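The values are calculated or read from the model by the stated rules, or taken from the named source; none is laboratory data. Because the structure is predicted, anything quoted here is derived from the model rather than measured. Positions of Cβ are backbone-derived with ideal geometry, glycine not excepted, and every protein chain shown enters the neighbour counts. These area figures cover heavy atoms from the full protein model, side chains too; ligands, DNA and RNA do not enter into them. Shrake-Rupley method; radii C 1.70, N 1.55, O 1.52, S 1.80 Å.
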Amino acid sequence: MPESPGLGEQALNKAAEVGLSSQLDEVENLDVNIKTDPLKLVQGEVDAVTIQGEGLVMQKDLRMEELQMQMTSVAINPLNVAFGKIELTKPTEAQAQVVLTEADINRAFNSEYVRLQLQSQKIHINGQLRTIETQYVDFRLPGNGKVALNASMKLVETGENQQVAFSAVPKVSSNGKTVALENIEYGESEEISPELTKALIDETSEILNLSNFDLEGMSLQVNQLKVEVGKLTLQAEAYIEKIPSA
């Protein structure tokens, strides 16, 4: 049977759960598990910290189906432990995994934030500058390492609808912070308005931008991006200067 956490560990677990939850718009489930023993704790030594979350909604309405993070050999200020505070005395690194579903990315695309982002751009269509309004965006993860997008956009000035469709292969940049779309295959819309298609390609990269998943005091650098049918998995290293606590 697994050992039950001691009172000190329980207090820190709860403080970290409350602190992390306060940075998220929605939380379905969030567990923080701090492993140490009382003697090490008074010396500010923690053996391991595990964070597991489900249904976490970040800024810009970006939802994570799953978040897993594992830290080992964490140094904390022992004086703050009595107050349920986790203060790192030096930065630590962690292994992290983030899972996004097709529905999560569609939610972000159809959010008010992205709608306003696209609407704020003036786009050349047939030699005229136009304002666009998103009618709908249908994002798919069909497999074979690809993402696919089909969108209907309304030109505000004329009321005319434009369809945009493309598929592409997402790749993580060498610095592990941004995602670029490669091997883009266009639908018939490319000839209608390359700029409109480019705006949606850029927005796709922006939604998958890895800084969207950073919390205060934590930043991710992605090593691997795995695209499967219906879900996208990011394997990352996290650099942690601060664990939020209540």
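Numbers at a glance
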| read-out | value |
| --- | --- |
| Criterion (part of a strand (DSSP E or B), loosely packed, with under 15 Cβ neighbours inside 10 Å and not acidic (D, E)) met by exactly one of N183, N175, N150 | N183 |
| Residues within the stretch 42-71 that are in contact with a Pro (Cβ under 7 Å, 6 or more places away or on another chain) and either open to solvent by 20 Å² or more (accessible area, probe 1.4 Å) or at negative phi (or both), tallied | 2 |
| Enumeration of residues in the stretch 97-112 that are exposed (fewer than 15 other Cβ atoms within 10 Å of the Cβ) and either more than 29 Å from Q70 (Cα to Cα) or touching a Phe, Trp or Tyr at 6+ places or on another chain (Cβ under 8 Å) (or both) | E112 |
| Pick from the stretch 153-172, criterion among the charged types (D, E, K, R) and surrounded by 13 or more Cβ atoms within 10 Å (Cβ to Cβ), ranking: nearest to the chain's Cα centre (by Cα) | K171 |
| Hey, N80 at pLDDT below 90 and outside any strand (DSSP E or B) or not | yes |
| Odd one out for N29, checked against (1) open to solvent by 30 Å² or more (accessible area, probe 1.4 Å); (2) of a type in the set (S, T, N, Q); (3) in contact with a strand residue (DSSP E or B) (Cβ under 8 Å, 6 or more places away or on another chain); (4) closer than 30 Å to T131 by Cβ | (4) |
| Residue selected from the stretch 189-236 under the condition assigned to a helix (DSSP H, G or I), within 14 Å of P170 (Cα to Cα) and among the hydroxyl-bearing types (S, T, Y), by the criterion least open to solvent (accessible area, probe 1.4 Å) | T204 |
| Pair list, Cβ < 8 Å and 6+ apart or interchain, from the stretch 116-137 residues that are without any contact (Cβ under 8 Å) to a residue 40 or more places away in the chain and open to solvent by less than 60 Å² (accessible area, probe 1.4 Å) to residues that are small (G, A, S) and assigned to a strand (DSSP E or B) | T134/A151; T134/S152 |
| Scope the stretch 9-26; condition closer than 17 Å to L215 by Cα and either open to solvent by less than 50 Å² (accessible area, probe 1.4 Å) or touching a helix residue (DSSP H, G or I) at 6+ places or on another chain (Cβ under 8 Å) (or both); matching residues | A15, A16, E17, G19, L20, S21, L24, D25 |
